[in-house]
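Chemist: I have a structure here, written as structure tokens, and I will follow up with some questions on it.
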Amino acid sequence: NALRIRVIRPNVKEDLDNAFSEFEKPPYKIAAFFHEVVMMNYGALVMAPDFLGYAYKLCKAHDVPTVADEIQSCLWYPESFLFKRYGLFPSIVIVGKGFSGGEFAASRVLTTEEYDLLPQFGALVTNGQEELASLSYLITSEWVKENTSAVCEIGQYYEKNINDLVKRFPSLLTGASGIGHLMGLRFRDIETGKRFAEAMVERGFDISVQSYKAVCPPVALTKLPLIVDEPVVDYLIKNIHDVLSNID
């Protein structure tokens with residue numbers, strides 16, 4: 001009973017109120033509030049800005065640390081991190097595969113000065129500090145700075161095209177979710193989603209449908225490389241369109 005994890009339903013402020021009412025009093029103390037911004041492992045569900053803003057106000061009022069999990073969402077946006085777009089100031093930020101484009105495994109836990117309490121020796125690693133991964137972090141950060149407008153434009157272009165597909169195939173799709181380069185197509189049933197993913201894989205696209213979570217909608221997840229341009233997006237959209245047409 002030393003530690004309890006309280007699940008908060010996405011974008012449900014009532015759950016936040018109930019959790020703080022129940023646990024932010026003796027003999028309990030809320031240790032931290034963990035969250036993603038785009039839940040890619042939950043159908044690319046996007047956290048509403050007003051929900052996260054409300055959560056952060058509660059946390060600030062009760063001295064509760066905030067932890068932004070941007071393992072998947074970091075570095076696909078002009079702001080580098082989505083919490084910046086939301087105007088949030090987390091105590092701790094977790095970054096990972098998105099930062100290095102998925103090429104090198106290098107997770108990092110970034111903290112504010114207030115929470116940087118780990119002894120120096122405890123912060124070391126024993127595998128040479130992961131030079132290649134660290135270098136890829138620096139290169140990616142610099143690339144985003146130099147190509148901010150292009151990253152923003154391509155993200156918006158891809159998101160618009162994905163939403164247009166939803167309008168084009170209402171018999172197969174119920175909606176789209178995600179932000180920019182990170183998007184998901186939500187299917188009416190899991191079997192159709194699986195057929196779509198299998199057909200896309202046959203065409204050389206690494207796309208999968210989440211089918212292992214009972215409460216998660218059947219969503220085909222897509223994550224574009226940071227350096228794609230419009231012709232690449234057009235090529236992907238054309239293939240998605242063709243596969244959906246064949247199924248329809």
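Rule-based calculations on the coordinates, nothing more; no lab input. Just so it is clear, the structure is predicted and the values come from calculations on it, not from any experiment. Neighbour counts run over all protein chains shown; Cβ positions are idealised from the backbone, glycine included.
Chemist: Label point 7 Å out from L165 along Cα-to-Cβ: which residues of the range 197-222 have amide N under 18 Å?
Modeler: 197-211, 217-222
Chemist: Still on this structure, I have one more. Give the aspartates and glutamates reachable from K160 as a straight Cα distance under 18 Å; neighbours fewer than 8 places away on the same chain don't count.
Modeler: D229, E230, D234, D242
Chemist: Right, something else. Give the order of E70, E230, E36 when sorted by the count of other beta carbons within 10 angstrom, beginning with the fewest.
Modeler: E230, E36, E70
Chemist: What shape does the chain take by its C-alpha gyration tensor, where a ≥ b ≥ c are the square roots of the eigenvalues and a/c under 1.5 counts as rounded, a/b above b/c as prolate, and the rest as oblate? Write down the numbers at each step before the final one.
Modeler: Working: a/c = 2.08, a/b = 1.38, b/c = 1.51.
Verdict is oblate for the chain.
Chemist: Something else about it: Could you please rank D69, D50, D15, placing first whichever residue has the fewest other Cβ atoms within 10 Å of its Cβ?
Modeler: D50, D15, D69
Chemist: Could you pull out the longest piece of the chain with no exposed loop chymotrypsin sites (Phe, Trp or Tyr not before Pro) in it, calling a site exposed if DSSP puts it outside H, G, I, E, B and it has at most 12 other Cβ atoms within 10 Å?
Modeler: In short, 29-211.
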